1. Throw me the Rg/Rh for the chain, computed over C-alpha atoms with Kirkwood Rh, two decimals.
2. Counting pairs of alpha carbon atoms under 8 Å apart in space and at least six apart in sequence, what relative contact order in percent does the chain give?
Amino acid sequence: MLGLGRIRRLVLDVLKPLKEPSVIEIARYLGDLPGIEGVNVIVSEVDVETMSLIITIEGSDINYDKIEETLEEIGAVIHSVDQVVVGERIIEPATVTMPKG
């Protein structure tokens, strides 16, 4: 059986209630988890009752299940996983420019 590589970066689309918890609290909860070295939370959309967040998490060994469990405990839900980086280093996505004309 093949081994599973360590998750180094996750980019998540997350929905949370408008009021509590704050984006600061969410970043702190996630940042305190083992294997997490940094958390970036961006508010992408605000609705009457909810807020959409783009959460980028980097670390040496991210436990996705623990991330999901923590978000659910504080009242947020993962809509989608938009990026996953696994391995010994983080590889940035290539940018492709289309020729004009």
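Here, each number is a calculation from the coordinates, and none is a lab measurement. All of these numbers come straight from a predicted model, not from anything done at the bench.
1. Details: Rg = 15.4 Å, Rh = 14.6 Å.
Radius of gyration over Kirkwood radius for the chain works out to 1.05.
2. Numbers: 176 pairs, mean separation 42.5, N = 101.
Here the relative contact order equals 42 percent.
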